[in-house]
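Only one structure is covered here, and it is reproduced in the block below.
The values are calculated or read from the model by the stated rules, or taken from the named source; none is laboratory data. Quantities reported herein were computed from a predicted structural model and do not represent experimental measurements. Positions of Cβ are generated from backbone atoms using ideal geometry, with glycine treated the same way; all protein chains shown enter the neighbour counts.
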Amino acid sequence: MTSAATTAANAGTWRLGDLTINRIGFGAMRLTGSGVFDHGAPSDRDRSIGVLRRAVELGVNHIDTASFYFSSLRSANELINSALAPYPQDLVIVTKVGPGRDPSGEWYTARPEQLRGQVEENLRQLGRDHLDVVNLRLLPSMRELQLFADHFGVLAELRAAGLIRHLGLSAIGPEHLAEAQAIAPVVCVQNRYSIDARPADAEELLRVCGEQGIAFVPFFAIAGEGREEGVREDDEQVLAVARAHDATPAQVRLAWTLQRGPHVLAIPGTGNPDHLVENLAAGALRLSAEELRRLDSPGSA
C-alpha cells in the first residue's frame, strides 16, 4: 500500500507542548546498523543519510533518537546532524537520557548528577543549543519514586535553564507520570506497546495520557524488541487484514497503533528507503471497527 501522495501528514497532527508534529515520525535507532544492542556491523553511511533526507522530504517532522544509539562506526545523532543541519524550522528532535554507553559500548545507568552531561552530549552531537524534547528513560534501578524524582528534577532544572524545551518519560508506570507532573509538565510518554505487547499499565497510561493531552508514543510497535524489521509469519489476523487492504503486516500494525487515539504517535525506524515509504503510507490506512475488533481479540497476534 503506497501511493504518489504518500506523506507523513496523512496521519494527522498532534502538539508536543507548543510544537506541532505529524503523528507518524521516524525512529533513528536502526540507522546505525545492528550495533545498538549487540555490537554488530555498522550501517552504510550514505544510505542512512539518504533515508533521513527522504523522510523529511515526505513530511516527517518528528525524529526520535538518543546519544546511545551508535554502532562501531555510526552514531544516530551524528547522522541526523550531517543529513539535516541546518535543521528545518518545523523539525522536532526527541532524545532520551537515563541509560548511557561508554565509548566501548558498555551500558551504564546515569546518576542524577550525570544527566546534565548526557544532555550536553546530545547537544554537541546534534549541533543544537537546546533540545526540543528530552525523555527520561526509566531503568529498573530508577523505578523507586524518590530516586525517579531526583532524576526528573535535574531535567526540570535544565528545562528552566533553557537547555531543554519540553520533557517526556519513557518505560514508566502510571505512578511515575503522576510524580513527574508534580515537578514539571510532561508532553509525551514513550512505552512499549503493540498489538501483541499490551501490558495493563500501558493501557492505563494510554488512557491517562489521552485525558491529560499528553502524547503516547509506542516503541517496538512493528517488530518487537530484538526482532528484525517485519512481523512473525503466524500473525493470522494481521495477515488477513493486510491482504484485505493490499497492505503489509507492518502497515497494519502501524495503522492499528495510530487508531488507538488521536494522541497516539508512531515512530517506526528503518535504514531501508523502501520500508520508509511503506511505513509512512500506513498513515493513510484506516481500519474498520470490525478489523480493529479482530486485531484486539485474544490470540489475534
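Return the pair list, or none, for Cβ contacts closer than 8 Å from residues in segment 13-24 that are closer than 11 Å to Pro262 by Cα and of a type in the set (Val, Ile, Thr) to residues that are modelled with pLDDT of 95 or more and part of a strand (DSSP E or B), at least 6 apart or on different chains.
Final answer for the pair search is Thr13/Thr20; Thr13/Ile21; Thr13/Asn22.
Can you tell which of Arg124, Arg74, Arg101, Arg111 is surrounded by 18 or more Cβ atoms within 10 Å (Cβ to Cβ) and more than 26 Å from Ala215 (Cβ to Cβ)? Working first, answer last.
Numbers: Arg124 fails: surrounded by 18 or more Cβ atoms within 10 Å (Cβ to Cβ); Arg101 fails: surrounded by 18 or more Cβ atoms within 10 Å (Cβ to Cβ); Arg111 fails: surrounded by 18 or more Cβ atoms within 10 Å (Cβ to Cβ).
Selected residue: Arg74, the only one of Arg124, Arg74, Arg101, Arg111 that is surrounded by 18 or more Cβ atoms within 10 Å (Cβ to Cβ) and more than 26 Å from Ala215 (Cβ to Cβ).
Ser300 versus (1) modelled with pLDDT of 95 or more; (2) over 16 Å from the mean Cα position of the chain (by Cα): which is the lone unmet condition?
(1)
Among the residues of segment 273-297 satisfying the criterion of being at pLDDT 95 or above and outside any helix (DSSP H, G or I), which is farthest from Ala28 (Cα to Cα)?
My answer is Ser288.
So which residues in segment 188-225 are among the polar types (S, T, N, Q) and out of contact with any Ser or Thr (no Cβ under 9 Å at 6 or more places or on another chain)? Steps first, please.
Of segment 188-225, the ones among the polar types (S, T, N, Q) are 190-191, 194, 212.
Across segment 188-225, the qualifying residue is only Gln212.
Quick one: is Leu115 modelled with pLDDT of 95 or more, over 30 Å from Ala8 (Cα atoms) and in contact with a Leu (Cβ under 8 Å, 6 or more places away or on another chain)?
yes
In segment 1-60, what residues are at pLDDT below 95, among the polar types (S, T, N, Q) and over 22 Å from Val252 (Cα atoms)?
Of everything in segment 1-60, those that are at pLDDT below 95, among the polar types (S, T, N, Q) and over 22 Å from Val252 (Cα atoms) turn out to be Thr32, Ser34, Ser43.
Would you mind stating whether His245 is modelled with pLDDT of 95 or more and farther than 25 Å from Thr95 by Cβ?
Yes.
Hey, does segment 67-90 have a residue that's basic (Lys, Arg), within 30 Å of Arg111 (Cα to Cα) and touching a Pro at 6+ places or on another chain (Cβ under 6 Å)?
yes
In the set Leu145, Leu169, Leu177, which member is touching a Cys at 6+ places or on another chain (Cβ under 9 Å), over 30 Å from Arg74 (Cβ atoms) and not basic (Lys, Arg)?
The match here is Leu177.
Under the condition of being of a type in the set (D, E, K, R) and free of Cβ contacts under 8 Å to residues at least 40 places away in the same chain, which residue from segment 151-186 is surrounded by the fewest Cβ atoms within 10 Å (Cβ to Cβ)? Quick ask: steps written out before the conclusion?
If we filter segment 151-186 for residues that are of a type in the set (D, E, K, R), which is where we start, we get 157, 159, 165, 175, 179.
Now restrict to residues that are free of Cβ contacts under 8 Å to residues at least 40 places away in the same chain: 157, 159, 175, 179.
On the way: Glu157: 15, Arg159: 19, Glu175: 12, Glu179: 17.
Within segment 151-186, the match that is surrounded by the fewest Cβ atoms within 10 Å (Cβ to Cβ) is Glu175.
Step by step: first the residues of segment 262-272, then only those that are more than 12 Å from Ser48 (Cα to Cα) and assigned to a strand (DSSP E or B), then the one that is farthest from the chain's Cα centre (by Cα). Which residue is that?
Filtering first and then ranking leaves Val264.
Give Ser82, Ser43 a once-over and let me know the one that is surrounded by 19 or more Cβ atoms within 10 Å (Cβ to Cβ), of a type in the set (Ser, Thr, Tyr) and over 28 Å from Leu147 (Cα atoms).
Ser43
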